[in-house]
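Note sheet for the following structure.
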Amino acid sequence: GAVVSQHPSWVICKSGTSVKIECRSLDFQATTMFWYRQFPKQSLMLMATSNEGSKATYEQGVEKDKFLINHASLTLSTLTVTSAHPEDSSFYICSANNRRTNEKLFFGSGTQLSVL
Amino acid sequence: QKEVEQNSGPLSVPEGAIASLNCTYSDRGSQSFFWYRQYSGKSPELIMSIYSNGDKEDGRFTAQLNKASQYVSLLIRDSQPSDSATYLCAVNTGNQFYFGTGTSLTVIP
């Protein structure tokens, strides 16, 4: 299957700092990327949908100024958690697909964020 | 009504048995259906996709789709302890992917 690379896999930061998470599609062009967060033993929660070259569409309740998403190319999307707080500690997962050629959705390996 | 619904479980089966996981969806226009497996602390992994009514088999896994009933299921034959995970049902409506909350499966040795 297609490969989606997510980096870093684990990050610990101090409260108030910003953290950037990268999501790359390695062997296909990702026309759409999705960002999820997941708390322990809970289901995936979609945060935003990002289409290449356009602004991300955020789900209700997700602060767009806090979770900055950039999808500048067909292979890279980034999520920046700005002014992180302990309640932002979670497992963040990106996924990607190319709607023109492949309806399947492939996930990155996830980023565990711990804010102290 | 949620777009995709699954029984959260937990579902426990003995090793070697058949595990049956079920999922219903609300959008009749949905076109593609997927099953993902997620181990604790890991991201979801695609294990099956199905697009037309009927059964699709891949090794020990069989996906079943019934669009009239808006129902999709996953059967795992000869269940192994390594199959213990959360199984997510996903539906692509053409514009968006919707995930169920997942069914937790435990295979007891």
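Computed quantities for the displayed model
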item: Residues within region A:45-59 that are surrounded by fewer than 15 Cβ atoms within 10 Å (Cβ to Cβ) and of a type in the set (F, W, Y), tallied; result: 0
item: In region A:12-31, residue farthest from the other protein chains (Cβ to nearest Cβ) [restricted to those that are of a type in the set (A, V, I, L, M) and either free of Cβ contacts under 8 Å to residues at least 24 places away in the same chain or under 20 Å from A:S50 (Cβ atoms) (or both)]; result: A:V19
item: Top-ranked residue of region B:83-96 - restricted to ones that are facing chain A (nearest Cβ under 9 Å) and of a type in the set (G, A, S), ranked as nearest to A:P40 (Cα to Cα); result: B:A90
item: Filter pass, B:Y25 being surrounded by 14 or more Cβ atoms within 10 Å (Cβ to Cβ), in contact with a Ser or Thr (Cβ under 8 Å, 6 or more places away or on another chain) and not acidic (D, E); result: no
item: In region B:87-109, the residues that are polar (S, T, N, Q) and either surrounded by fewer than 22 Cβ atoms within 10 Å (Cβ to Cβ) or within 13 Å of A:L105 (Cβ to Cβ) (or both); result: B:N92, B:T93, B:N95, B:Q96, B:T101, B:S104, B:T106
item: Residue check for B:N7: modelled with pLDDT under 95 and surrounded by fewer than 18 Cβ atoms within 10 Å (Cβ to Cβ); result: yes
item: Qualifying strands (runs of 3 or more DSSP E) (wholly inside region A:1-61; at least 1 residues being more than 18 Å from B:E3 (Cβ to Cβ) and aliphatic (A, V, I, L, M)); result: A:4-7, A:10-13, A:19-25, A:32-38
item: So A:Y92, is it surrounded by 15 or more Cβ atoms within 10 Å (Cβ to Cβ), assigned to a strand (DSSP E or B), in contact with a Cys (Cβ under 9 Å, 6 or more places away or on another chain) and within 13 Å of chain B (Cβ to nearest Cβ); result: no
item: Selection within region B:1-20 - in a loop (DSSP other than H, G, I, E, B) and either within 21 Å of A:F107 (Cα to Cα) or touching a Pro at 6+ places or on another chain (Cβ under 8 Å) (or both); result: B:E3, B:E15
item: Residue list for region B:70-96, filter: over 24 Å from B:S12 (Cβ atoms) and without any contact (Cβ under 8 Å) to a residue 40 or more places away in the chain; result: B:N95, B:Q96
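Here's the yes/no breakdown for (1) within 14 Å of another protein chain (Cβ to nearest Cβ); (2) in a strand (DSSP E or B):
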| position | (1), (2) |
| --- | --- |
| B:N22 | no, yes |
| B:R28 | no, no |
| B:G41 | yes, no |
| B:L74 | no, yes |
| B:Y98 | yes, yes |
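The values are calculated or read from the model by the stated rules, or taken from the named source; none is laboratory data. Because the structure is predicted, anything quoted here is derived from the model rather than measured. Please note: Cβ atoms are built from the backbone with ideal geometry, for glycine as well, and neighbour counts cover all protein chains shown.
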